[in-house]
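Working notes, beginning with the structure itself.
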Amino acid sequence: MTNSKRDSLRPRVLDLFAGAGGFSLGFHWAGFQTSVALDFDSLAVESLIANYAHLGTLVLEKDLSKFTPDDLDYHLKVKNHPNGFDVIIGGPPCQGWSMVGRGKLRSLFEKHGAKPKEDPRNKLYQNFLNFVSHFQPKITVMENVAGMLSHAGINVADKVAEGLNEAGYNVTWSRINASSYGVPQFRDRLFFVGIRKDLNVRFEFPKTTKSDGTRLFPLNNVRDAISDLPIIRHGTKEWIRPYSWSPDISSYAKRMRRDANPETIFDHVCRKHNEQDLEAFKIMKQGGWYRDLPKRLKRYRDDIFEDKYRKLSWAKPSGCITAHLSRDCYSHIHPSQNRTISVREAARIQSFPDSFYFAGSMGSKFKLIGNAVAPMVAEVIARELKRQVLNRKQAQSTKDKLYSGEKTYET
Ligand SMILES: C[S@@+](CC[C@H](N)C(=O)[O-])C[C@H]1O[C@@H](n2cnc3c(N)ncnc32)[C@H](O)[C@@H]1O
């Protein structure tokens, strides 16, 4: 079977708020095809084009607070791109609900006595629901931060589930830690899965343990994730360099290297630090925190910034990779080299393979990586969706035939 024939049989995905395409990558690995990806950030769009355009993905730079499902219909028609989606996925922006920003909001409130205004980004999930309502895919998956569970006394997660239910979907949602699905990172996120009601399926999230309590996915740690990468100095700006040879590369790292150029690695660059920070990094133990530092090396108040600096441990998964790495990387100090992590190391910890491209400056790359859905988590969910929904004979309805023309789907 030719590649293009195989691609036309893949279930078709619309990725909204697509970022660099972490969510899409997991679906691609599981045998889906991202037909259309949208984001309003030009560097996200540049990354999407670099990683997906050759796979037939139509990438659009659009502001989803204004761009409507009817506008998308129009674009697809003008561009002669197929309409209809089997799946709509998306991670509407989460800054407004993020637990990380809460302390700051509270202190502003205490200082100025004013209630912080509702962040308009918090409403963008409703635009996501409009697309689901309009295109009526078989499946929809939305990702967001756990802060959604309680925002200003409201459980926004319930609202999302309610909205999906009204749009005609049976909804299951779960709080997932990426480390349970083999990602070398503690990353807690909410995933909502909606299955169109006529398919008569209620999705069950993939199990993480067997009945005897043993893990179904390996607990990968920082060593598995990054120890095979070349040793580098803080502040290096060598964007491309030779891969280092390593006697025992973990199976995780082998997977990360799989489709990459075997000779060279790119984006293995990191920040430059001053003498005081370098001394602090040196004396910190693996797993150590800012609060453990001697007073002379503290530049910030340690009652507020007790976890400002954090050194990774070789033997544990990393702490959560967030978009904050675009400002500084103190939360991710390398376990044995005197520096913070490189862009490529952050990507590895998020389960992006070494062949994946992120556009822009070092800071922009960190932001795209920190914002992404860990592709390996998306892959596990996508495979399970195929098993429970798409490959089930009874799950086929007349509507389905509109988009796929096939009864079962191939990986
Ligand atoms: C949490 S990130 C999504 C990451 C993505 N799912 C991934 O796996 O790589 C949210 C994305 O929404 C985009 N975004 C925010 N507001 C938007 C808007 N009004 N219209 C379109 N995209 C928007 C941001 O540029 C960002 O890339």
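The values are calculated or read from the model by the stated rules, or taken from the named source; none is laboratory data. None of the values given here were measured: they were computed from a predicted structure. Positions of Cβ are backbone-derived with ideal geometry, glycine not excepted, and every protein chain shown enters the neighbour counts. Heavy atoms of the whole protein, side chains included, go into the accessibility calculation; ligands, DNA and RNA do not. Shrake-Rupley method; radii C 1.70, N 1.55, O 1.52, S 1.80 Å.
Quick notes on this one:
- Listed residues Gln337, Ser355, Val380: farthest to the positive end of the dipole of region 289-383 (Cβ charges): Gln337
- Residues whose placed amide H lies under 5 Å from that of Leu58, excluding near-sequence neighbours: Val36, Ala37
- Per residue, in Å², the accessible surface of region 3-94 once ligands and nucleic acids are set aside, probe 1.4 Å: 38
- Taking a sphere under 13 Å around the Cβ of Glu345 and counting the other residues whose Cβ falls inside, with K and R at +1 and D and E at -1, yields a net charge of +2.
- A full extension of the chain between Asp70 and Phe186 corresponds to an added length of 37.9 nm, given 0.36 nm per residue minus the alpha carbon distance.
- Mean Cβ count within 10 Å, highest first, over the residues of peptides 355-367, 271-283: 355-367, 271-283
- Separation of the alpha carbons by more than 20 angstrom is noted, of Lys316/Lys386; Lys138/Lys386; Lys159/Lys207; Lys237/Lys272; Lys282/Lys311, for Lys316/Lys386; Lys159/Lys207.
- Solvent exposure of region 222-371 amounts to 48 Å² per residue of accessible area, where only protein heavy atoms count and the probe is 1.4 Å.
- Label-reachable residues, region 23-44, where backbone N falls under 16 Å from a point 7 Å from Ser361's Cα toward its Cβ: 42-44
- For peptides 344-354, 45-55, sequence by mean Cβ density within 10 Å, most packed first: 344-354, 45-55
- FRET efficiency estimate (nearest 0.05) - Cβ-Cβ, Asn391 to Ser246, R0 51 angstrom: 0.85
- The length gained by stretching the chain between Gln286 and Leu219 to full extension, at 0.36 nm per residue less their Cα-Cα distance, is 22.3 nm.
- At full extension, Asn338 and Asp259 could sit 25.5 nm farther apart than now, given 0.36 nm per residue minus the alpha carbon distance.
- Separation in nanometres of the label points that stand 7 Å from Cα toward Cβ, at Ala315 and Arg296: 3.2
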